[in-house]
1. With a Förster radius of 51 Å, plug the Cβ-Cβ distance of residue 77 and residue 293 into 1/(1 + (r/R0)^6) and report the FRET value to the nearest 0.05.
2. Given the peptides 120-127, 353-360, arrange them by the average over their residues of other C-beta atoms within 10 Å, most packed first.
3. Report which label in (1) 43, 22, 21; (2) 47, 25, 18; (3) 46, 29, 18 holds the value of semi-axes √(5λ) of the Cα gyration tensor in Å derived from the coordinates of this structure.
4. Based on the alpha-carbon gyration tensor of the stretch 280-393 and its eigenvalue square roots a ≥ b ≥ c, which shape applies: rounded if a/c is under 1.5, prolate if not and a/b is larger than b/c, or oblate?
5. Which pairs in the list 66/387; 66/133; 9/339; 74/390; 9/387; 9/112 are over 18 Å apart, alpha-carbon to alpha-carbon?
6. Modelled label-to-label distance, residue 307 and residue 88, 7 Å Cα→beta-carbon offset: nm?
7. So, in Å, what gap is there between the alpha-carbon centers of the stretch 294-316 and the stretch 342-393?
8. Report relative contact order for the chain in percent, whole number only (criteria: Cα-Cα under 8 Å, sequence separation at least 6).
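Taken together, the values in this text are just the output of simple stated rules run on the coordinates, not laboratory data. In this text the structure is predicted, and so the values were computed from the model without any measurement. Note that we place each Cβ from the backbone using ideal geometry, even for glycine, and neighbour counts take in every protein chain shown.
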Amino acid sequence: MKGPLAALKVLDFSTLLPGPFASLLLADMGAEVLRIESPTRVDLVRVLPPFDGDSSTSHAYLNRNKRSLALDLKHPEALAVVHKLVAEYDIVLEQFRPGVMDKLGLGYEALKAINPRLIYVSITGYGQTGPYKDRAGHDLNYLALSGLASYTGRRDTGPLPLGVQLADVAGGSLHGVIGLLAAVIARQSTGQGQHVDISMTDCAFSLHAMAGAGYLGAGVEPAMENQALNGGSFYDYYRTRDGRWLSVGSLEPQFMQQFCAVIGRPELAGRGLSPKPEEQKALKREIEIEIEKHDLAEWQQRFAAVDACVEPVLNLSEAVEHPQLQARGLVTAVPRAGKPAQAQLACPIKFSAGLEAPRHTGVAVGAHSAEVLREIGYSEAQIAELKAAKLLG
């Protein structure tokens, strides 16, 4: 039960969130992932609170099932080490700004000359080309420039700073994995690798989906609360008497009828289909009045046996305990050396053949340095020399 990606060997030069989340998915699905980490410049996720003992919970999660090789890429001997690794690890994942890996002698063309089967995935904010390619940015900036933030929020308060890193994860991480695996499939027939250029802004832009199709095809500009699915209709969140929230997604007539019956206003059912903004606003106000009459627990009880696309807004601790998420096994226990196992988010992808249980949480910088060097032919004396030269930190 090694996982469907057990044949893949990945050198991961990335830090922070996008690249590490991508390689986490690969490792969970069986790929052998070796992190190449600086022995002097710490990955900031390692010092990101909260901590479980002396370990960052984010680092422990994002880097589970991965080995770590500490390597000073500016050291002359580092090139030789990476070149030997690339002969076996024929996938590279990196997240530096464009040109940085080239300056280090580790760009795609240089490594491709050693291994033509190399698949080289670069995840950046704006991609390898264009006037913004060298510009710094964060998730919030990518969502802003892609246009997504312009219609995600409320008219009176503006765009929402999302609680999840949408461009980083849905953009960089997931699209990075898709591009990598597509290149692997292509290599099976051609024998050749390729460079996969992932821009988090590009990928965020592609998430416009229906709104983008509407604008490009029909000239309909999306804005806050002017669409059926962004607050422009009754499809929304409603505050309960105790200050909690209820999600109402009863778009189809059969669901709307059941919803309105449960809240005691069956006459409202026919108004859900109205395309007129002023009528939707009036309908929302009617629903708000009814939902505010009871606490969330009572609404949960009333809707428990009703299939109307109505669910409570749970906080994370409640979601962890929800029977549906528990039944799907979305929390797993990950072993730690000398300590009790740590609870972590599980791999969400289910395979009928199953997946190997998590092996370990994220490890210390260079925890596997000597082990990896032995595997590629270095003697104990050579390893000692590299340590003395501070190549390994």
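1. With R0 = 51 Å, the Cβ-Cβ based efficiency is 0.10.
2. Ranked by mean Cβ neighbours within 10 Å, highest first: 120-127, 353-360.
3. (2)
4. In terms of gyration-tensor shape, prolate.
5. 66/387; 66/133; 9/339; 9/387
6. Inter-label distance under the simple model: 5.4 nm.
7. 45 Å
8. Rounded, it is 20 percent for the chain.
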